[in-house]
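Notes follow the structure.
Read-outs throughout are calculated quantities, based only on the coordinates presented, and are distinct from any laboratory measurement. All values derive from a computational prediction rather than experimental measurement. FYI the Cβ positions are ideal-geometry reconstructions off the backbone, even for glycines, and counts take in every protein chain you see.
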Amino acid sequence: MSAKRDVYITEVALRDGSHAIRHQFTVDHVVQVARALDEANVPYIEVSHGDGLAGSSLQYGFSLTDEMELIEAAGSVCRQAKVSVLLLPGIGTVNELKEAAKRGAKMVRVATHVTEADVSAQHIYMAKELGMETVGFLMMAHMAPVEKLVEQAKLMESYGADIIYVTDSAGAMLPHQVRGKIRALKENLDVEIGFHGHNNLSLAMANTLAAIEEGATRVDGSVRCFGAGAGNTQTEVLVAVLDRLGINTGIDMYNMMDLAEETVAPILGHPQEITRDAMILGYTGVYSSFLLHAKQAAEKFQIDSRDILLELGKRKLVGGQEDMIVDVAAEIAKAGTKAAR
Ligand SMILES: CC[C@H](O)CC(=O)C(=O)O
Ligand SMILES: [Mn+2]
């Protein structure tokens, strides 16, 4: 396997997939998956609560296992892969970042809403001080026009980020929109550009390819689509498609396929599909991680989860507003009518 990779894939199942199983990863899950990913020569493996370091809470859902234990366990079985963590300033602090670095994390993705990059400065400075590879991760990128995205990305670059990601958190972006955003970042920044997609409109692969064609050299995938909503770009399929395009990821396709089928499928527990709820996430531009919260609220108030999701989209809720999902559900139930479609 050649050492030079054209595109670097970050495998996010052990972090984004946390949303899909209500943050119930065990050390055994993480060890099995991380070891196999490392053997498949995946360069980066992200491990954290789904909402990033310190996400374990009433608001976001409690983790079964302390994420620091999971981070350490992943690092202990990786020979070449680097363990990455996600950090949302305000949820995680520099203290958790330092602890994650101590436990073996080598990369951090400092994630903010697409218009709030200024809150990432302190965490990016600290990550650099800790010697970590540092990524600025601009979430809900569909909500900002290109000029705004560029402005925010430049802020993160000015704080010292090595890489900037366009993050399609809702799986709402269309390929021409991904192209426009990645192209603008390539034209205006000097750092590497990345893309993180969700498959709610069945466009994660197309969007990832569009990003790569425009010059992204960092992309995310989750094995077996093990991520929030309908999941992310399916890593093992992405490896195959990029290989067909002559783009070297350095990752062993057979190893990835075996991992997906034999290890990850049983952990996920159900096939990852574009369900009607997932489709609504992409259609209306709602955070993929809101899916299970909305389903739970729908059950509680005996209403259609699509009505909740549509209303969340209309109100343009962003990460951190999970508590409002129940409020919206209560309002819909009280009104006794379906929210207008
Ligand atoms: C809430 C954090 C979120 O899951 C990060 C991410 O993967 C995304 O925005 O897509
Ligand atoms: Mn995601």
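With springs only between Cα atoms under 10 Å apart, run a GNM on the chain and tell me which of T208, T284, T167 wobbles the most.
T284
As a quick test, which of the pairs K186/K314; K82/K181; K154/K316; K98/K154; K148/K186; K295/K316 have an alpha carbon distance above 22 angstrom in this structure?
Those over the limit are K186/K314; K82/K181; K154/K316; K98/K154.
Just need the relative contact order of the chain here, percent rounded to a whole number, with Cα pairs under 8 Å and 6+ apart.
For the chain, the relative contact order is 17 percent.
Taking only Cα atoms and a 10 Å spring cutoff, compute GNM fluctuations for the chain and point out the largest among A144, A74, A172.
A144
Efficiency by 1/(1 + (r/R0)^6): what FRET value for H176 and H270, r their Cβ-Cβ distance, R0 = 35 Å, to the nearest 0.05?
Approximately 0.60, to the nearest 0.05.
For the pair R5 and K186, how long in nm is the line joining their label points, each one 7 Å along Cα→Cβ?
Distance between the two pseudo-spin positions: 2.0 nm.
Between region 258-298 and region 80-95, what's the alpha-carbon centroid distance in Å?
Here the two parts' Cα centres lie 23 Å apart.
For Cα pairs less than 8 Å apart in space and 6+ apart in sequence, what is the mean separation divided by the residue count of region 30-80, i.e. the relative contact order in percent?
52 percent
What value, in deg cm²/dmol to 500, does the helix sum -39500 (n - 2.57) over DSSP H runs of n ≥ 4 give at 222 nm once divided by the residues of the chain?
Result for the chain: -12500 deg cm²/dmol, rounded to the nearest 500.
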